[in-house]
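Peer 1: Right, I'll just put the structure down here and ask away after.
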Amino acid sequence: MKGNFPIDKFGALQTPFYYYDTHILRQTLELIRQETSKMESVVVHYAIKANANPQILRTIREYGLGADCVSGGEIKAALQAGFSPDKIVFAGVGKADWEINLGLEHGIFCFNVESIPELEIINELAAAKGLVAQVELRVNPEVKAHTHANITTGLAENKFGIALSDVEHVITLAQQMEHVKFIGLHFHIGSQILDMGDFAALCNRVNELLVLLEQQLHIKIDNINVGGGLGVDYQHPNRQAIPDFHEYFKTINMLIRRRDGQVLHFEPGRSVVAQCGSLISKVLYVKQGANKQFAILDAGMTDLIRPALYQAYHKIENISSELPLETYDVVGPICESSDVFGKAVDLNKTNRGDYIAIRSAGAYGEIMASQYNCRALPKGYTTEDLL
Ligand code: LLP
């Protein structure tokens, strides 16, 4: 089964481009809304890093989500799309002064602080403006996620977060500062996680830490942010277009032992937008190699870097052809041997000019595009744009 594409509308567009199926995005957001409305005191912040296309952001905002930002640029994109500042959180190991100031000026909900020096600078910059910045501490929970090494974040060896053994000390420091207000803890163990056991391990760690902090510091933590990380089914984008948010929210909500009034925050990125997006390109040439044939596309690793960077699998479909299947290495035009979207891929017999869809590319696709080889950045179109 192939995806559903308004191919008759594609002729007017310059390939390669991203196509976002608004219906899938809305169905996904509807499920998030439905599942979270069953739970008390929950806020979902969409992780903008996955896709900051303005149309996509506006749709996500319509469903009432907040925004998780990791740069001043992302804060600007969130504000422009109409996200309310009191639902914006700002994370990242290296926040520049102008980015902190931007967050302060707009009164964002909180800064997720990753080190003592950063906490000191936020305190200083807030003091200069006569403000008090709300801060959560990002804790490195030392929980291993079963995913690609490049997208694991919650291990002692990773640069992210404050070491577990330092948390108590850093909270005490924050409490002594006049221009920051400590409001909670933040965690994130990695991305493309499909094993609910990994999230369960995180919840256990959070519970242990809550007990420890209550006993040692006699404090209650108002906000717990468990980050993002829910994975999607890259093998079957048609069969499983909407990730299992039911199981995800249920597992975490059930396992975290929340105290009265504690608010639970989530930061999904990939699971919100991956399946609605496809990279659409045209076949430039079909080339016979010594022992295989290549389908050479006009899209390359500059448009979608995930296969080259993480050896990530994306389903590839020839959406113009219904001819019998043949096997191709599907490659781009970039002068790099890693510019390969898939090896030994079965496609309907392919000819020059056919449209190829590279599926599940809505997350970390368009946003990670580069101009290497002086190529233009790909544009993104939603179903609504093409009506
Ligand atoms: N919160 C924090 C603190 C994060 O670092 C991330 C992702 C998220 C939330 C959202 O995670 P998600 O729900 O999307 O898994 N470029 C890589 C993924 C990098 C993820 C970085 N952090 C890829 O293409 O697979």
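The values are calculated or read from the model by the stated rules, or taken from the named source; none is laboratory data. These numbers come from a predicted model, not from an experiment. Cβ sites come from the backbone with ideal geometry, for glycine too, and all protein chains shown count toward neighbours. Ligands, DNA and RNA are stripped out before the accessible areas are found, and what is left, the full protein with its side chains, is counted by its heavy atoms. Shrake-Rupley method; radii C 1.70, N 1.55, O 1.52, S 1.80 Å.
Peer 1: Tell me, how many Å apart are the Cα centres for the range 174-245 and for the range 343-387?
Peer 2: Using only Cα atoms, the two centres lie 33 Å from each other.
Peer 1: If you don't mind, another one. On a 0 to 90 degree scale, rounded to 10, what angle separates helix 22-37 from the longest Cα axis of the chain?
Peer 2: That helix lies at roughly 30 degrees to the long axis.
Peer 1: Quote the FRET efficiency, to the nearest 0.05, computed for Gln34 versus Gln293 with a Förster distance R0 of 56 Å and r equal to the Cβ-Cβ distance.
Peer 2: Values: r = 46 Å, r/R0 = 0.82.
For R0 = 56 Å, the calculated efficiency reads 0.75.
Peer 1: How far, in nm, would the chain grow between Val211 and Leu164 when pulled straight, counting 0.36 nm per residue and subtracting the alpha carbon separation? Don't jump to the answer; show the numbers that get you there.
Peer 2: Values: separation 47, 0.36 × 47 = 16.92 nm, distance 1.34 nm.
Roughly 15.6 nm would be gained on extension.
Peer 1: Over 26 Å between C-alpha atoms is what I'm after, so list which of Lys2/Lys349; Lys9/Lys379; Lys9/Lys282; Lys250/Lys379 land there.
Peer 2: Working: Lys2/Lys349 15 Å; Lys9/Lys379 15 Å; Lys9/Lys282 14 Å; Lys250/Lys379 36 Å.
Distance filter (> 26 Å) returns Lys250/Lys379.
Peer 1: Now for a separate question. Seen from all sides and averaged, what is the projected area of the convex hull of the Cα atoms in the range 212-266, in nm²? Present the calculation step by step, with values, prior to reporting the outcome.
Peer 2: Numbers: hull surface 19.0 nm².
For the range 212-266, the mean projected area of the Cα convex hull comes to 4.7 nm².
Peer 1: I've got another one for you. Counting only DSSP beta bridges with both residues in the chain, tell me the antiparallel percent, nearest 5. List each step's numbers first, then the result.
Peer 2: Working: 23 of 59 bridges.
Bridges in the chain are about 40 percent antiparallel.
Peer 1: Let me ask another. Once amide H atoms are placed 1.01 Å from N in the peptide plane, what residues at a sequence separation of 5 or more from Lys379, or on another chain, have their amide H within under 5 Å of its amide H?
Peer 2: Amide H to amide H, under 5 Å and 5 or more residues apart or across chains, Lys379 pairs with Tyr18.
Peer 1: So, one more: Mind listing the long-range amide H neighbours of Ala47? Cut-off is under 5 Å, sequence gap 5 or more, other chains count too, H placed in the peptide plane at 1.01 Å from N.
Peer 2: Asp68, Gly269
Peer 1: Oh, and also: Hey, if you drop one equal point scatterer on each alpha-carbon of the range 3-121 and run the Debye formula without solvent, what base-10 log of I(q)/I(0) do you get at q = 0.16 Å⁻¹?
Peer 2: Each listed q maps to, in turn, -0.83.
Peer 1: Hey, another quick one. Rounded, prolate or oblate, given the Cα gyration tensor of the range 282-387, with a/c below 1.5 counting as rounded?
Peer 2: Numbers: a/c = 1.71, a/b = 1.23, b/c = 1.39.
Oblate, since a/c reaches 1.5 and b/c is not below a/b.
Peer 1: Could you check what % of the DSSP bridge pairs in the range 77-195 are antiparallel, to the nearest 5?
Peer 2: Numbers: 1 of 14 bridges.
If I count the DSSP bridges inside the range 77-195, around 5 percent turn out antiparallel.
Peer 1: A follow-up question, please. Could you state the number of Å between the C-alpha centres of the range 36-109 and the range 111-142?
Peer 2: 17 Å
Peer 1: Relative contact order, percent, of the chain when contacts are C-alpha pairs under 8 Å separated by at least 6 residues? Could the numbers behind the result be given before it?
Peer 2: Working: 833 pairs, mean separation 76.6, N = 387.
Dividing the mean separation by the residue count of the chain yields 20 percent.
Peer 1: To continue, here is another question. Label-point separation (nm) for Cys335 and Ala128, each offset 7 Å from Cα along Cα-to-Cβ?
Peer 2: For the pair Cys335/Ala128, the computed spacing is 4.4 nm.
Peer 1: Going by amide H atoms built from the backbone, whose H comes under 5 Å of the H on Gly227, apart from near neighbours?
Peer 2: Correct list: Phe187, Glu267.
Peer 1: Give the calculated FRET efficiency between Glu105 and Asn204 to the nearest 0.05, with a Förster radius of 51 Å applied to their Cβ-Cβ distance. The partial results should precede the final answer.
Peer 2: Numbers: r = 39 Å, r/R0 = 0.76.
After rounding to 0.05, the efficiency reads 0.85.
Peer 1: Still on this model: If I model a spin label at Lys181 and Ala12 as a point 7 Å from the Cα along the Cα→Cβ vector, what separation in nanometres do I get?
Peer 2: About 5.1 nm, to one decimal.
Peer 1: Just to check I understand the Karplus step: with θ = phi - 60° and J = 6.51 cos²θ - 1.76 cosθ + 1.60, what whole-Hz values come out for the range 178-191, glycine and proline as x?
Peer 2: Computed from phi, the couplings for the range 178-191 are 7, 10, 10, 10, 6, 10, x, 10, 10, 9, 7, 9, x, 10 Hz.
Peer 1: Just to be sure I follow the definition: excluding the sites themselves, where is the longest run in the chain that has none of the GluC sites (Glu not before Pro) in a DSSP loop with at most 15 other Cβ atoms within 10 Å? Don't jump to the answer; show the numbers that get you there.
Peer 2: On the way: sites that count: Glu40, Glu157, Glu178, Glu322, Glu336.
Counting at most 15 other Cβ atoms within 10 Å as exposed, the longest clean stretch of the chain is 179-321.
Peer 1: Please give the per residue accessible area of the chain, computed with a probe of 1.4 Å over protein heavy atoms only, in Å². All intermediate terms of the calculation are to be shown ahead of the outcome.
Peer 2: Working: 16420 Å² over 387 residues.
Accessible surface, normalised per residue, equals 42 Å².
Peer 1: More than 37 Å apart: what percent of Cα pairs in the chain qualify? Mind dumping the intermediate values first?
Peer 2: Working: 18874 of 74691 pairs.
Cα-Cα pairs in the chain separated by more than 37 Å: 25 percent.
Peer 1: Turning to a different aspect of this structure: Roll a 1.4 angstrom probe over the protein heavy atoms and tell me the percent of accessible area of the range 22-270 that is carbon or sulfur.
Peer 2: Numbers: 5060 of 10120 Å².
Carbon and sulfur: 50 percent of the exposed surface of the range 22-270.
Peer 1: What per residue convex hull volume, in Å³, do the alpha-carbon atoms of the range 171-324 yield? Walk me through the numbers before you get to the answer.
Peer 2: Details: hull volume 27.8 nm³, N = 154.
Spelled out: Cα convex hull of the range 171-324, divided by residues, is 180 Å³.
Peer 1: Measure nothing fancy, just the Cα-based angle from helix 245-255's long axis to the longest principal axis of the chain, in degrees from 0 to 90, nearest 10.
Peer 2: Here the helix axis deviates by roughly 20 degrees.
Peer 1: Now a separate question. Just from its helices, what would the mean residue ellipticity at 222 nm be for the chain, if runs of 4 or more DSSP H residues each count -39500 (n - 2.57) and the sum is divided by every residue, rounded to the nearest 500 deg cm²/dmol? Intermediate results must be reported in sequence, preceding the final value.
Peer 2: Numbers: 10 runs with 109 residues, N = 387.
After summing the helix terms and dividing by the residues of the chain, the value is -8500 deg cm²/dmol.
Peer 1: Work out, step by step, the length gained on full extension between Asp86 and Arg257: first 0.36 nm times the residue separation, then minus their alpha carbon distance; give nm to one decimal. Could the numbers behind the result be given before it?
Peer 2: Details: separation 171, 0.36 × 171 = 61.56 nm, distance 2.52 nm.
The Asp86-Arg257 span can extend by a further 59.0 nm.
Peer 1: At 4 °C and 1.567 mPa s, grab the translational diffusion coefficient of the range 77-117 from Stokes-Einstein with a Kirkwood Rh over Cα pairs, rounded to a whole number in µm² per second.
Peer 2: On the way: Rh = 10.7 Å.
The calculation lands on 121 µm²/s.
Peer 1: Please give the helix 97-106 orientation as an angle from the longest Cα principal axis of the chain, in degrees from 0 to 90, rounded to the nearest 10.
Peer 2: Result, in degrees: 80.
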